[in-house]
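Novice: Next up is a structure, given as structure tokens.
Nothing in this text is a laboratory measurement; each read-out follows from the coordinates by a stated rule. As the structure is a prediction and not an experimental result, all values here were calculated from the model. Methodologically, a virtual Cβ is constructed for each residue, glycine included, from the backbone with ideal geometry; neighbour enumeration extends over all protein chains shown.
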Amino acid sequence: MKLTQADFQERRDRLAEQMGPHSIAIIATSPVAMRNHDADYKFRADSSFFYLTGFPEPEAVAILETGETGNDYSYSLFCRERNRELEIWNGYRAGIDGALNDYEADEAYAIEQLDKQIIQKITDKQRLYYRMGQRADFDARVSGWIRQAGEQRQGNGAPAEMVQLDRILDDMRLYKSAREIELMQLAADISAQAHSRAMQRVRPGMMEYALEAELNYVFGQQGCVPAYNSIVGGGANACILHYVENNQPLKDGDLVLIDAACEYECYASDITRTFPVNGKFSPEQQALYEVVLAAQLAAIDAVRVGNSSREPHQLAIRILVEGLLRLGLMQGDVDQLIESEAYRQFYMHGTGHWLGMDVHDVGSYKINGEWRSYAEGMVVTVEPGLYIAPDDETVDVKWRGMGIRIEDDVVVTANGPLVLTRNVVKSVADIERLMAQVVAV
Ligand code: GLY
Ligand code: MN
Ligand code: MN
């Protein structure tokens with residue numbers, strides 16, 4: 001399943017309508033990022049640019065210009081021209097004809113024309129919508145264009161108003177359409193398969209990176225790439241929240257935490273599972289795991305239309321603290337431990353974030369200082385955890401060095417929470433059963 005030009009056009013229509021009359025919007029894609037000398041990272045389009053255009057190539061800028069009303073607008077695409085020589089080296093380019101015919105631009109120009117054409121386009125517009133602060137180099141160019149437009153002897157010069165375009169685009173992207181949810185379900189299904197495979201492939205003595213390769217195999221077989229750097233942390237490495245070295249052996253008797261997921265057609269998933277390297281939870285591992293799982297299930301259940309988006313975090317904290325008290329890792333009064341944030345010794349991150357084209361997706365979390373309420377079409381992760389530092393002498397030695405997180409992707413629907421990542425098991429019994437199954441090579 002892929003989005004079509006009709007989907008991208010509908011988004012441009014909605015943006016233009018919000019821009020109002022006599023306005024211009026400038027949206028650039030990402031630059032190609034250098035990895036090291038003469039070796040680039042594989043290009044990934046800027047999410048907001050791709051959201052509006054579906055155009056996957058680097059060096060591209062989209063312009064929307066409204067006329068008397070926001071419904072009457074034109075769409076220009078500046079992109080790389082076709083070039084036989086460069087296409088032999090670096091691959092196919094849509095070029096001007098492709099921009100017009102395949103990407104349905106009303107006007108298309110070579111990217112080298114941008115500095116010249118844009119002055120005329122900006123001049124006489126009342127409002128300029130621009131994504132300020134995304135790229136310093138591009139911000140400087142836009143400032144230069146505004147100055148040049150202001151110096152024009154004819155017309156009204158530069159636009160009177162500058163508007164932060166991200167405020168509009170981020171809000172559009174926060175609410176996912178049914179087709180976007182379909183794409184996210186595909187990404188979630190592939191990631192769920194990858195986690196299931198990892199549970200079945202892991203063996204004591206295996207290197208963390210070898211287990212990561214099992215996930216990458218599933219992503220790659222289905223044309224996907226990781227949505228973010230995979231975390232595969234055995235034992236105490238799971239207590240390092242952004243552990244990505246993945247270069248240590250997995251030990252018999254330890255847990256392994258995997259936070260890894262793919263993106264499909266630029267839509268991300270984000271899954272964490274924690275399971276025993278040898279296939280069987282120890283009593284302590286199971287006890288701590290059950291606390292995190294109870295917190296996660298309660299938090300997921302709170303992802304409902306009208307609820308505060310803070311509620312899952314508050315519920316998770318309470319259940320985690322109650323569990324830590326029950327197991328003897330903390331002492332005191334639940335309310336007081338929550339009030340003083342003493343739990344941060346073991347739980348120091350949030351319980352979730354928006355998910356979409358970016359793994360930490362756009363969209364403000366608060367409006368006028370208040371946590372936003374959930375509404376249909378929002379997608380959020382729910383990812384509580386507990387991390388007992390290996391040198392934490394405040395707890396019994398049997399708990400030290402355990403890191404557990406469980407993360408799923410949840411859509412807010414009229415019928416309650418829809419868990420996109422439901423196809424990878426997470427109860428102790430289900431994990432142990434899956435891990436005991438013999439897998440075909
Ligand atoms: N994988 C990044 C996160 O869970 O936020
Ligand atoms: Mn996450
Ligand atoms: Mn994650």
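Novice: How do TRP371, TRP145 line up, fewest other C-beta atoms within 10 Å first?
Specialist: TRP371, TRP145
Novice: Also, I was wondering about something else. Give me the three principal axis extents of region 81-125 from the C-alpha atoms, as integers in angstrom, largest value leading.
Specialist: Extents along the principal axes, in whole Å: 42, 21, 10.
Novice: While we're looking at this one, here's another question. Taking only C-alpha pairs under 8 Å that are 6+ residues apart, what is the relative contact order of the chain in percent?
Specialist: 13 percent
Novice: Report relative contact order for region 287-425 in percent, whole number only (criteria: Cα-Cα under 8 Å, sequence separation at least 6).
Specialist: 29 percent
Novice: Once Rh is set to the Kirkwood radius over Cα pairs, what Stokes-Einstein translational diffusion coefficient, in µm²/s, holds for region 130-197 at a temperature of 20 °C and a viscosity of 1.002 mPa s?
Specialist: 136 µm²/s
Novice: Would you mind computing Rg(Cα) / (2.2 N^0.38 Å) for region 287-354, counting N as its residues?
Specialist: Ratio of Cα Rg to 2.2 N^0.38 Å: 1.09.
Novice: Which is the longest part of the chain that has none of the trypsin sites (Lys or Arg not before Pro) sitting in a DSSP loop with at most 10 other Cβ atoms within 10 Å?
Specialist: 154-441
Novice: Also: Just want to confirm a number: the relative contact order over region 154-258, from Cα pairs under 8 angstrom separated by 6+ residues, in percent.
Specialist: Averaging sequence separation for qualifying contacts and normalising by length gives 24 percent for region 154-258.
Novice: Still on this structure: For each of GLU432, GLU161, GLU214, GLU263, count neighbouring Cβ atoms within 10 Å of the residue's Cβ, then give the residues from fewest to most.
Specialist: So the residues, fewest neighbours to most, are GLU161, GLU432, GLU214, GLU263.
Novice: For region 139-291, count the residues as N, evaluate 2.2 N^0.38 Å, and divide the Cα radius of gyration by that value, please.
Specialist: Scaled against compact globular proteins, the figure is 1.56.
Novice: Now for a different question. Ignoring everything except DSSP H segments at least 4 long, calculate the 222 nm mean residue ellipticity for the chain; use -39,500 (n - 2.57) per segment, divide by total residues, nearest 500.
Specialist: Helices in the chain give a 222 nm mean residue ellipticity of -11000 deg cm²/dmol.
Novice: Under the rule of at least 5 residues apart or a separate chain, name every residue whose amide H is placed under 5 Å from the amide H of SER373.
Specialist: Correct list: SER309.
Novice: Where the convex hull is taken over the Cα atoms of region 226-371, what is its projected area averaged over directions, in nm²?
Specialist: Result: a mean projected hull area of 10.4 nm².
Novice: Once the convex hull of the alpha carbons of region 309-441 is built, what does its volume come to per residue, in cubic angstrom?
Specialist: Output value, Cα hull per residue: 177 Å³.
Novice: Please work out, to two decimal places, the log10 of the ratio I(q)/I(0) at q = 0.21, 0.24 Å⁻¹ from a Debye calculation in which every Cα of region 171-216 carries one identical scatterer.
Specialist: Calculated log10 I(q)/I(0) at the listed q: -0.70, -0.80.
Novice: Shifting gears a bit: Given the options VAL256, VAL244, VAL277, which has the most mean-square fluctuation in a GNM of the chain, springs set between C-alpha atoms less than 10 angstrom apart?
Specialist: VAL244
Novice: Sticking with this one: Of LEU257, LEU241, how do they rank once you tally other Cβ atoms within 10 Å and put the fewest first?
Specialist: Ordered by Cβ neighbours within 10 Å, fewest first: LEU241, LEU257.
Novice: How long, wide and thick is region 65-156, going by the Cα atoms along their three principal axes, in whole angstroms, largest first?
Specialist: Taking max minus min along each principal axis of the Cα atoms, region 65-156 gives 45, 31, 26 Å.
Novice: With every atom except the alpha carbons ignored, what do you get for Rg and Dmax of the chain, in angstroms?
Specialist: My reading of the Cα-based Rg and Dmax gives 24.9, 79 Å.
Novice: State to the nearest 20 debye the size of the charge dipole of region 259-299 about its Cα centre, where the only charges are +1 on K and R beta carbons and -1 on D and E beta carbons.
Specialist: Here region 259-299 has a charge dipole of around 240 debye.
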